[in-house]
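The values are calculated or read from the model by the stated rules, or taken from the named source; none is laboratory data. It should be emphasised that the depicted structure is a prediction, and the values quoted were computed from it without experimental measurement. Cβ coordinates were reconstructed from backbone atoms using ideal geometry, including for glycine residues, and neighbour counts include every protein chain displayed.
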Amino acid sequence: MPTARTTQTRIESEALLLRFVAYRDSDVIATFFTRTDGKIGAIVPAGRKSARRVGGAMEPMHTLHVSLEDRGRELGTLKEARVVVQRFGLVGDLDALDAAGTALRWLRHVCPPRIPEPRAWDTVTGLLDTLDARQHPPRSALAIAALRLLADVGYALEFEHCVRCGRGCPPGKPAFIDAARGGLICQSCGGAPARIGGELRARAADITRGEEPELTDEDAEELLVLVDAAMRAHAGGEG
């Protein structure tokens, strides 16, 4: 009986390292978020024995160029990796490092395998560059990127209309909000346990439209609570 022919392709792409875990005696399994093909898992043969096999590039936060052998299976095989964008300013700042790690964790949980997400790529690499340059406070930068990331992958929070009946909320007014259900819920539709102030609601709506308003530390923390609830709802309990 003839054996089926396995189609083998090579993926060449910029990538971010999302996860790196031991596998078998000396191999590792890496999870990458690639610019061209989305999230991909790959075996790194003898990855624990020799960093030279992958160019010493198995570090998160930097942008890599990876070469993956792909046979259409769940896991590809990493053939080469090298750093193409270094972010040493980021890795030297604990607050920035924490913000970046949170964003990469969200990517790993909310993006399905092998689905290109070019807007999510731009959002997260843009956040990493911002954190590296120390242009904004890390938590504020993370809050802005987080709302955009939700929109990028199809889970945008609605800050102007009730997600159940579609009724608009008057500008400047506080509103009930349930991030796990997608955004505002008016009182006629039962409301929600949480509320968001009118000014912050307007700034959040501006962020989802691509603007970059100034956020206070309190604003950022309130928005990150909402984002975390949304991520948990859409990632099977993983925040």
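Evaluate the following for residue 100: is it crowded, with 18+ Cβ neighbours inside 10 Å and under 19 Å from residue 234 (Cα atoms)? No; evaluated as a whole, the condition is false for this residue.
Among the residues of segment 201-216, is any touching a Pro at 6+ places or on another chain (Cβ under 8 Å), touching a residue at least 60 places away in the same chain (Cβ under 8 Å) and under 21 Å from residue 98 (Cβ atoms)? Yes: one or more hits. Listed by position, the helices (runs of 4 or more DSSP H) contained in segment 87-200 that have at least 3 residues being outside the structural domain of residue 13 (by TED's automatic domain parsing) and either without any contact (Cβ under 8 Å) to a residue 12 or more places away in the chain or closer than 30 Å to residue 73 by Cβ (or both) are 94-110, 118-133.
Selection of segment 149-162 for residues being more than 19 Å from residue 175 (Cβ to Cβ) and surrounded by 22 or more Cβ atoms within 10 Å (Cβ to Cβ) yields only 149.
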